[in-house]
Each structure stands twice: as structure tokens, then as C-alpha cells.
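The block underneath contains the structure these notes are about, expressed in C-alpha cells.
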Amino acid sequence: MDRTPRNSRYLRFMHWNEGTKHWFFQRILSALMIPLSLLFVIPFVSHYDFDYEHLIEIYKSPIWSGAAWVVLTVTLMHFRLGMQEVIEDYVHSKKQKKILLMLNNAFFSLVVLSLLMSVIKIVY
């Protein structure tokens, strides 16, 4: 008999099924997006009327460019999980579902990689 307290049994992540993990990460990313969005939007709005060169100078700082990369990556992860849910729920052909899920992951990877390359180019 398992003598683990009931509450801690439910917190063991490796025993969760795929749907529970998906739901949990979607909620965590949603909660993270609130403070991260403020971290990105407030400075962005305060520099709205600056010219291009001045903005590049601001984002040459690893702190600001890193924060922008984290915000946009978390947003894209949230988008990827949401699109995965839509594909799994509304595409009924297994072949189409598999292709669309692969395209979803490829799109996410490509955009995050290009975002990372852009940030590296700005900083260095």
C-alpha cells in the first residue's frame, strides 16, 4: 500500500497524463505572461516616440533584449500549446493531425530561433 499522503501523490509530475501536463503548462505560461508582459510593454510604450537608432541602443543592453526575448518566447510557447489544442480537438484525420502538429512545432521552433538570432544581432 502506498503510504504517501494523498495531496503529495497528485503533485508527482511524472505520473500525470499528457492532457494534465498540457493543461498545467498552459496555465503556468498564462500566469507568467502577466508580469512578463508588463516588463515588456511598459518600457516599449514609454519609448514609443523614439527613433529607430535610439531604440536599438536601448535594446543593445542584454537586460532589455533578454527580457524581450523571454516575453516573446513565453508568448510563442503559449501560442504553440493553444494551437496544439485546437488541432487535437478539431482535426479528425490522424494523418492531417500529425502533419499539422509537426508544422505547429516547426513554426514555433523557426520563429523562436529567428527571434534569438535577432536579439543576438542587436546585442552584438
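Computed from the coordinates by the stated procedures, all read-outs in this text should not be read as laboratory data. All of these numbers come straight from a predicted model, not from anything done at the bench. In this analysis, Cβ positions are derived from the backbone assuming ideal geometry, glycine residues included, and neighbour counts consider all displayed protein chains.
Given the pairs 21/121; 98/121; 21/94, which are separated by over 27 angstrom at their Cα positions? From 21/121; 98/121; 21/94, over 27 Å: 21/121; 98/121.
Each residue in 46, 30 was given a count of other beta-carbon atoms within 10 angstrom of its own, and listing them fewest first yields 46, 30. Sorted fewest first by neighbouring Cβ atoms within 10 angstrom, 103, 72 come out as 103, 72.
Farthest towards the positive end of the charge dipole of the chain, among the residues 102, 112, 74, is the Cα of 102, using unit charges on the Cβ of Lys, Arg, Asp and Glu.
Between residue 47 and residue 24, the simple spin-label model (points 7 angstrom out along Cα→Cβ) gives 3.7 nm. Given their separation in residues at 0.36 nm each and the Cα-Cα distance between them, residue 56 and residue 95 gain 9.6 nm when the chain is fully extended. Using all Cα-Cα distances in region 19-123, what percent lands in each 5 angstrom bin from 0 up to the longest? Histogramming region 19-123 at 5 Å steps yields 2, 11, 17, 18, 17, 12, 9, 7, 4, 2, 0 percent.
With the highest mean first, a sort of the peptides 83-92, 58-67 on other beta-carbon atoms found within 10 angstrom per residue produces 58-67, 83-92. Multiplying the residue separation of residue 38 and residue 112 by 0.36 nm and removing their Cα-Cα distance gives an extension gain of 24.6 nm.
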